[in-house]
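Let me begin by presenting the structure, written as structure tokens, before commenting on it.
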């Protein structure tokens, strides 16, 4: 791709009808200041975007969404996650009831007991928890400006539960002695953001330990044979993100590790997916758009999918990664 081709695709994103795409392009690629009056106004306009209005369309009169907080992918937990993904502006008080729904769930005594969690005798340093739940809650609470003292407690829990190799795992089998890539990338992102937000060196150090866990594996390869850890890693997935080539590289960009040589193989894999027009495809849309509550549903439209079709969300994130990696 030439610089002219990159300029054209960036211009396409800047002229998107979606304010989230405009905002992320200006923030991540053009490097416009988030504090400028124009950028603040643009971010505020995201509240009126089709995606934001769709995500919040099922809030009841009491300010909550009447389903389990973790309902995939339409419950309060995932609603807040998706809003944060869109760069929804911070400090919106109407999101507080949704946050409280999530926190009431996360802080229940039963949440830390079997079958949700497990502590195996003799493996006290490997507490079994689905740490992505706490991780995403930390991340979107800070991003959306709705964090409180409970958010910081979640940070401390992640630190306490980190496994010796630097990650986390919810596998209840005693034979599981290695962290899970699926359960570790989200907490890494959360701890890094929390370390900056709270000026917490301990969170920063633990985030670095997790980063090393991934870098040892070149983000996606098994330590013992260098093969792909999970086939799904090679496919770009959206809007729900746990672990794939783009998300792992995006997190490495956020935490300033993207220029580590051990990221190069994953960067090359991402580049191999670039379309002739400079855009990138959404290879696996992992949520079903519906106005009804359905299994693995989403109320929002996240754009076109398919290996040969450009998706704006995927394109802006991919270009950010390549920019941070000095690949264009």
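Each value in this text was obtained by applying a stated rule to the coordinates, not by laboratory testing. This is a predicted model, so every value here is computed, not measured. Every residue, glycine among them, receives a Cβ derived from its backbone with ideal geometry; neighbour counts consider all protein chains shown.
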Handout entry: Selection from the range 13-27 of residues that are over 27 Å from residue 94 (Cα atoms), surrounded by fewer than 20 Cβ atoms within 10 Å (Cβ to Cβ) and touching a residue at least 12 places away in the same chain (Cβ under 8 Å)
Key = 14, 16
Exercise for the section: Could you grab the pairs with beta carbons closer than 7 Å, sequence gap of 6+ or different chains, first residue in the range 38-63 and in contact (Cβ under 8 Å) with a residue 24 or more places away in the chain, second one loosely packed, with under 13 Cβ neighbours inside 10 Å and part of a helix (DSSP H, G or I)? Expected result: 63/94
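Restricting attention to the range 181-199, does a residue exist that is in a loop (DSSP other than H, G, I, E, B) and under 19 Å from the mean Cα position of the chain (by Cα)?
Our first condition is that a residue be in a loop (DSSP other than H, G, I, E, B); within the range 181-199, this holds for 198-199.
Among the residues that remain, those that are also under 19 Å from the mean Cα position of the chain (by Cα) are: none.
No - not one qualifying residue is present in the range 181-199.
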Practice task
Give the range 53-68 a look and list any residue that's in contact with a helix residue (DSSP H, G or I) (Cβ under 6 Å, 6 or more places away or on another chain) and under 19 Å from residue 286 (Cα atoms), or say none.
Solution key: 55
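Which residues, taken from the range 156-174, are in a loop (DSSP other than H, G, I, E, B) and either touching a residue at least 12 places away in the same chain (Cβ under 8 Å) or within 20 Å of the chain's Cα centre (by Cα) (or both)? Can you show your working first?
Within the range 156-174, the first condition is being in a loop (DSSP other than H, G, I, E, B), and the residues that meet it are 162-167, 169-174.
If the condition is that a residue be in a loop (DSSP other than H, G, I, E, B) and either touching a residue at least 12 places away in the same chain (Cβ under 8 Å) or within 20 Å of the chain's Cα centre (by Cα) (or both), then 162, 163, 164, 165, 166, 167, 169, 170, 171, 172, 174 are the ones that fit.
Does residue 115 count as under 28 Å from residue 72 (Cβ atoms) and surrounded by fewer than 17 Cβ atoms within 10 Å (Cβ to Cβ)? Walk me through how you get there before you give the answer.
On the way: under 28 Å from residue 72 (Cβ atoms): yes; surrounded by fewer than 17 Cβ atoms within 10 Å (Cβ to Cβ): yes.
Yes: the conditions hold for residue 115.
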Exercise for the section: Mind listing whichever residues of the range 28-51 are under 18 Å from residue 315 (Cα atoms) and crowded, with 16+ Cβ neighbours inside 10 Å? Expected result: 28, 29, 51
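Residue 123 - would you say it is in contact (Cβ under 8 Å) with a residue 40 or more places away in the chain and more than 22 Å from the chain's Cα centre (by Cα)?
Details: in contact (Cβ under 8 Å) with a residue 40 or more places away in the chain: yes; more than 22 Å from the chain's Cα centre (by Cα): yes.
When the stated conditions are applied, residue 123 passes them.
Would you check if there is a residue in the range 179-195 being over 20 Å from residue 252 (Cβ atoms) and in contact with a strand residue (DSSP E or B) (Cβ under 8 Å, 6 or more places away or on another chain)? Before the answer, list the steps.
Keep residues of the range 179-195 that are over 20 Å from residue 252 (Cβ atoms), which gives none.
For the range 179-195, residues over 20 Å from residue 252 (Cβ atoms) and in contact with a strand residue (DSSP E or B) (Cβ under 8 Å, 6 or more places away or on another chain): absent.
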